[in-house]
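Down below is the structure, laid out as structure tokens.
The values are calculated or read from the model by the stated rules, or taken from the named source; none is laboratory data. Everything quoted here is computed from the prediction, not taken from an experiment. Cβ placement follows ideal geometry from the backbone for every residue including glycine, while neighbour counts extend to all protein chains displayed.
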Amino acid sequence: MPETPVRVAVIVGSVREGRFGPVVADWLAGVAGAHGGFEPDVVDLADAELPLAMPAFGAEPPAKVVAEVAKVAPRLEAADAFVVVTPEYNHSYPASLKNAIDWHRPEWQAKPVAFVSYGGISGGLRAVEHLRAVFAELHAVTIRETVSFHGAQMRFTDEGVPTDAGAEVAAKAMLDQLGWWARSLTDARAARPYPG
């Protein structure tokens, strides 16, 4: 009997005009779909206008904010796993990504998160290291294997395919781990509520 596909939300972390993130996210979603066992859903944070100001603790956000959060929240809640596609801005990740993480706190809990990063010489890896600490605070499990592209815009063809065949090898290793953790944590959450 075939296993149920892992629903993986591929999150485009940058909302900057002219961003390269959608190219990287579309490639990764294609690799995940071809990998077998994954059902990818590309979640572009540019599609929701999440305000930077959070409501006071215990207060209900305004209806307009609730509507913007609802554009993303159900898709994150439905996901069994996540792949965060992030650039590196000033040795860290974009404010838009941190904002989305904070607005959707319960959706991450007891689920695995993998990273695909891009940027200058570091390939976005400093952004990933900062994100690991943030997701640990949210009780998510981060995957050790990552995919990173330094000088990403020069490393993809016009058709959105990496010029280095090693990228797909790295993505497969990452997805293998992500799938294992997704299934293990899904089974664990079904067996007993997470005590977080």
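What about R16, is it touching a residue at least 24 places away in the same chain (Cβ under 8 Å) and buried (at least 16 other Cβ atoms within 10 Å of the Cβ)? Criteria not met by R16.
In this structure, D41 qualifies as among the acidic types (D, E), more than 14 Å from L131 (Cβ to Cβ) and either modelled with pLDDT of 95 or more or out of contact with any helix residue (DSSP H, G or I) (no Cβ under 7 Å at 6 or more places or on another chain) (or both).
Residues that are part of a helix (DSSP H, G or I), over 14 Å from G160 (Cβ atoms) and under 15 Å from the mean Cα position of the chain (by Cα) within segment 1-46 comprise A32, L45, A46, listed in sequence order.
Out of all the residues in segment 149-171, which are assigned to a helix (DSSP H, G or I) and within 18 Å of T86 (Cβ to Cβ)? Steps first, please.
Of all residues in segment 149-171, those assigned to a helix (DSSP H, G or I) come to 152-154, 166-171.
Scanning segment 149-171 gives A152, Q153, A167, A170, A171.
Residues of segment 178-196 that are surrounded by fewer than 16 Cβ atoms within 10 Å (Cβ to Cβ) and assigned to a helix (DSSP H, G or I): W180, S184, D187, A188, R189, A190, A191.
For segment 129-146, state whether one or more residues are more than 26 Å from P5 (Cα to Cα) and touching a Gly at 6+ places or on another chain (Cβ under 7 Å). For segment 129-146, residues more than 26 Å from P5 (Cα to Cα) and touching a Gly at 6+ places or on another chain (Cβ under 7 Å): absent. Select from segment 60-85 the residues that are more than 15 Å from I101 (Cα to Cα) and in contact with a Lys or Arg (Cβ under 7 Å, 6 or more places away or on another chain) and list them in ascending order. Those that are more than 15 Å from I101 (Cα to Cα) and in contact with a Lys or Arg (Cβ under 7 Å, 6 or more places away or on another chain): A78, D80. Restricting segment 141-167 to residues that are crowded, with 18+ Cβ neighbours inside 10 Å, touching a residue at least 40 places away in the same chain (Cβ under 8 Å) and within 18 Å of G13 (Cα to Cα) leaves a set whose member that is farthest from the chain's Cα centre (by Cα) is A152. Within this structure, A110 passes the test of being of a type in the set (G, A, S) and at pLDDT 95 or above.
Among the residues of segment 123-139, are any modelled with pLDDT of 95 or more and closer than 21 Å to G37 by Cβ? Among the residues of segment 123-139, not one is modelled with pLDDT of 95 or more and closer than 21 Å to G37 by Cβ, which makes the answer no. Pairs meeting the criteria (first residue in segment 21-45 and on the phi > 0 side of the Ramachandran plot, second residue among the charged types (D, E, K, R) and surrounded by fewer than 19 Cβ atoms within 10 Å (Cβ to Cβ), beta carbons under 9 Å, at least 6 apart or on different chains) are G37/E3; G37/R183.
If the condition is being touching a residue at least 60 places away in the same chain (Cβ under 8 Å) and more than 19 Å from V31 (Cβ to Cβ), then segment 168-190 contributes L185, T186, A188, R189.
Could you check segment 1-38 and list, in sequence order, the residues that are of a type in the set (D, E, K, R) and in contact with a Gly (Cβ under 8 Å, 6 or more places away or on another chain)?
Listed by number, the residues that qualify are E3, D26.
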